[in-house]
Structure formats: structure tokens, C-alpha cells
Amino acid sequence: MKKLTVLSMIAASLLLTACGDSATGAEAKAATETKTEAPMKCGEGKCGAAGKCGGEKSATTEAKDAVTNAAEKVKAAAAQKATEAADAVKAKATEAVDSAKEAASSAADAVKEKAASAVDSAKAAAGSAAAAVASAVDTGAGKGLYAKCAGCHGADGKTKAMGKAPALAGQSAADLETNLKAYKAGTRNEHGMGMLMKGQVASMSDDDIKAISAYIAGL
């Protein structure tokens, strides 16, 4: 009787334990299924991979993008400013070169003009000197040639020959030379003095006539 009672109690305990384990297992399974089916929600620390929530970028990613965009804008602005500065420097350099060329050209023209003026002045001075020398020579020779003319025309060339011919003084050397050559050729007979004058100048060369004409014009 005691053995039967003990066996009955053991059987009842095993049955209760088995039932309790079954109930606990069912509850655990139900809880697991519930957790598996429940969707993850943002704000509960259960966002998906790559730190994204609902397809939106995180604050860190947005900050990085903003910094990258700002850097690109600064880079582009710096490149533009550098290009503008380079163009400005190039323009200034070109302007300076053009100004230098113009100044050099003006200086060269001025030097050339001065040189030409100096050459012309030198030529004029040389010509004047030569003319003065020639005049001095002609005057010296002409004075000796005029000695035989002074009896009729006066030592100063102001006497009217035979009271008819005009005074020689005051006439140009060119006119006197032309008249004397005409007397020598026999084509001039002013106041009937053609033959007389022809005899006077017949022995004179063209240089002699030029010399005496220059002397008389200087009286």
C-alpha cells in the first residue's frame, strides 16, 4: 500500500512537469514568431544597414556632401580668379611692350631727324664756305680785270660811260655776265658801244667774265 502511494505521487509529478514544459515551450515559440514578424522601427535603435532610415542620408553623410560641394565651389572660384588675374597681367605686359616700342620708334625718328638736320646744316655751311672762297677768288681776279674798265665806268662803277650807258654799280652779277658775253659775241650794241665793248672783252674767258661780273656787283 505504501509502495503504490509513492509510485502514484511520482507519476503525478512527472505528468505535471511534462505539461509545464510543453506550455513554456509553446509560449516561447509564440513569442519568437511575434518578434520575427514585428517590423523594425526607426527611433528604437533598430535602423537597417549602412545607417540609413527610410532611404534618407544620415547627418554625417549630408555634412560630408556639403563640405565637398563647398570645396568644389571654392576651387572653381579660385581658378576663375587666377585666369582673370593672368589675363590682366598679360594685357598689361602687352600694353607696356607696345608703349616701349612706340617710345623707341619716336626716339629713333627724333634722332634720325636731328641727324638729317645736322647733315643739311653741314652741307649748307660747306656750300657757304665754298661760295665765300670762290667769291674771294673771283673778286681778287675780277679787280685786276676791271682796271681797264675803270677809265670809262669809274673806279666805283658809278660813272656813266660816254655819258650814255647806265652805271654798272648796283647791277647783279648774273646780268653783268650775260651782257658781257653778249658784247663778246657781238650781239649787243647798247648805246652804240657794241664794237668798243667787244674789243674790251674779246680776250676774256668765261671765267674772267664771271670774275669781273662778281667784282662789279660788289661795288
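The values are calculated or read from the model by the stated rules, or taken from the named source; none is laboratory data. Keep in mind that this is a model prediction, so the values were computed, not measured. Here Cβ is always computed from backbone atoms with ideal geometry, including for glycine, and neighbour counts include all displayed protein chains.
Among what's in segment 169-201 and is of a type in the set (G, A, S) and either touching a residue at least 60 places away in the same chain (Cβ under 8 Å) or under 15 Å from Y146 (Cα atoms) (or both), pick the residue that is surrounded by the fewest Cβ atoms within 10 Å (Cβ to Cβ).
Let us first name the residues in segment 169-201 that are of a type in the set (G, A, S), namely 169-170, 172-174, 182, 185-186, 192, 194, 199.
Okay, now just the ones that are also either touching a residue at least 60 places away in the same chain (Cβ under 8 Å) or under 15 Å from Y146 (Cα atoms) (or both), so 169, 173, 199.
On the way: A169: 15, A173: 19, G199: 11.
Per the criteria, the residue is G199.
Identify the residue in segment 159-168 that is in contact (Cβ under 8 Å) with a residue 12 or more places away in the chain and not basic (K, R) and, among all such residues, is farthest from K210 (Cα to Cα). Among those residues, the one meeting the criterion is M162.
For every residue, the table says whether it meets (1) at pLDDT below 60; (2) under 30 Å from D206 (Cα atoms); (3) exposed (fewer than 10 other Cβ atoms within 10 Å of the Cβ); (4) within 40 Å of the chain's Cα centre (by Cα).
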{"position": "A26", "(1), (2), (3), (4)": "yes, no, no, no"}
{"position": "E44", "(1), (2), (3), (4)": "yes, no, yes, no"}
{"position": "K64", "(1), (2), (3), (4)": "no, no, no, no"}
{"position": "A88", "(1), (2), (3), (4)": "no, no, no, yes"}
{"position": "A103", "(1), (2), (3), (4)": "no, no, no, yes"}
{"position": "G127", "(1), (2), (3), (4)": "no, yes, no, no"}
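Taking G140 as the residue in question, decide whether it is within 30 Å of I212 (Cβ to Cβ), out of contact with any strand residue (DSSP E or B) (no Cβ under 6 Å at 6 or more places or on another chain) and at pLDDT 85 or above. Here the answer is no, as G140 does not meet what is asked.
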